[in-house]
Amino acid sequence: MELSLTSLILFLLLSLLPFLLKRKPHSTTYILNYECYKPSESLKLDTSASCKVVLRNPNLGWEQYKFLLKTMVSSGLGEETYSPPSVVAGREADPSLPDSLQELDHIFYQTLDNLFAKSRVSPQEIDILVVNVSLLSPSPSLSSRIINRYKMRPDVKAFNLSGMGCSASLVAVDLVRHMFKVYGNALAVVVSTESLGPNWYRGVDKSMMLSNCLFRSGGCSMLLTNRSEFRDRAIFKLNHLVRTHFGANDEAHNCCIQVEDDEGYPGFRLTKKLTTAASKVFVINLKVLLPKILPPWEIIRFVFVYLRSGKKKKKQLMEALGGAGGLNLKSGVDHFCIHPGGRAVIDGVGKSLGLSEYDLEPARMALHRFGNTSAGGLWYVLGYMEAKKRLKKGDRIMMISFGAGFKCNNCLWEVLRDLDDPNVWEDCIHRYPPKSLANPFTEKYGWINDECLSFVRIKDCVFSSCAS
């Protein structure tokens, strides 16, 4: 339903209230450091390694191979993404709890060891610990596992989040932000990753096969604080964070969901309704966030554009309000940190906000180099910006994330000093962006699309590039 002119003006005036009233802000949330996970070279899932994994699945036929080829070619992933140790070892058909915990231990302890060392902070100084892993929730909890490893204090406030999907990282940051309003002078650690090994899909449902093509191993640990004396050591300040949950809508709720297929194989289903759900929840979120992050003069300019527009243009502006909608996002945002969930996600966000290829480059490169690492993905994108020396003091970074539920969680960070740490990108940043993002699957396995070969049995084929 189109909003009336009176409703629009009231909405914009309410958006300006924080500036007019100059309310005293709540406790400030800073990031002191963040550390992304870098798997070992033995866990790389290049074309040959992917072929080995696919051929181990006896349930797949010619049509499934053609679908996998098409999906991988258009995925935006490169040759250097990583898979869980259990998948590399060929145990994806029979995952065990020890395998699952080992996968997470590698991520937890590498990132946390580096984070504590880099920040010169002892684990015993941590007041709040938040761990988010959507698809594995053992007992004792994963947060308890970290507390035991680092012998944290008995009064540490520990939280274990599950089922939150790819946007769980900002859910965790928001939880810390609210905890900081209660606990002053605190230090908090957020650990964001995903359990992929025990959730590797073995069936033939195409909507569930997508997850095997997109999701890869990765994660990040962050150190946050509200201590004012640590401001000079901090690298980011959280200015705004808005969470939107579209779960009341049945199609949105079911578009990204963990289920069993008709044959009883468990996995993660991604339906065609996902893009529609993401678009709708994105608009709802931005209608709340944009008035908070754009300067008053940009909102006033939008009002004048609206008032001077014809009836048709007014309707278009109102339908787009919350997206670009005639608003100049660059007046309040310098960099866009988009969840690298897939090429369609990145393209969709870019189109709706009117972003340039320069703005989308960090997300595209993170997807190409590391794949969709779920809740940890945003931080690989941020790491790319830092490694490319894009982040200067005073810059504002808009983080955009989507997750199962269906959720959209977005926020705005302010850069507190010039940043140039090559971080997890150190060994490859000089190669990015590459001249071409073309995937080699077409060159090596494009012959699968030849209809003349449809009678051939896969098990009788010899894949020389997959030989051990």
Calculate the all-directions average of the projected area of the range 58-191's alpha-carbon convex hull, and give it in nm². 10.7 nm²
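In terms of solvent-accessible area of protein heavy atoms at a 1.4 angstrom probe, what is the ranking of VAL73, VAL176, highest value first? Intermediate values should be presented prior to the final figure.
Numbers: VAL73 50, VAL176 0 Å².
Result of the area sort, largest leading: VAL73, VAL176.
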Using the Cβ atoms and a cut-off under 12 Å, what net charge is assigned to the surroundings of GLY376, where Lys and Arg are +1 and Asp and Glu are -1? 0
Pseudo-spin-label distance HIS178 to ALA438, built 7 Å along Cα→Cβ, given in nm, is 5.0 nm
Within the set LYS237/LYS392; LYS181/LYS407; LYS292/LYS407; LYS330/LYS392; LYS44/LYS118; LYS206/LYS351, which residue pairs have Cα atoms separated by over 18 Å? LYS181/LYS407; LYS292/LYS407; LYS44/LYS118; LYS206/LYS351
Which loop GluC sites (Glu not before Pro) in the range 247-307, with loop taken from DSSP, have no more than 14 other Cβ atoms within 10 angstrom of their Cβ? GLU263
Restricting the calculation to Cα positions, tell me the Rg (one decimal) and the Dmax (whole number) of the range 246-303 in Å. 17.6, 58
Two-site FRET efficiency, ASP232 against LYS389, from Cβ-Cβ distance with R₀ of 22 Å, rounded to 0.05: 0.60
Express in nm, to one decimal, how much length is gained between ARG396 and ASP250 on full extension, taking 0.36 nm for each residue of separation and deducting their alpha carbon distance. 49.1 nm
When the Karplus curve 6.51 cos²θ - 1.76 cosθ + 1.60 is applied with θ = phi - 60°, which whole-Hz ³J(HN,Hα) does each residue of the range 427-434 get, with x for Gly and Pro? 7, 9, 4, 5, 9, 10, x, x
How many nm is it between the label spots at CYS428 and SER356, if each spot is 7 Å from the Cα in line with the beta carbon? 2.6 nm
Heavy-atom accessible area per residue, the range 25-65, 1.4 Å probe: how many Å²? 41 Å²
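The values are calculated or read from the model by the stated rules, or taken from the named source; none is laboratory data. It should be emphasised that the depicted structure is a prediction, and the values quoted were computed from it without experimental measurement. Neighbour counts run over all protein chains shown; Cβ positions are idealised from the backbone, glycine included. Side chains included, ligands, DNA and RNA excluded: accessible areas come from the protein's heavy atoms. Shrake-Rupley method; radii C 1.70, N 1.55, O 1.52, S 1.80 Å.
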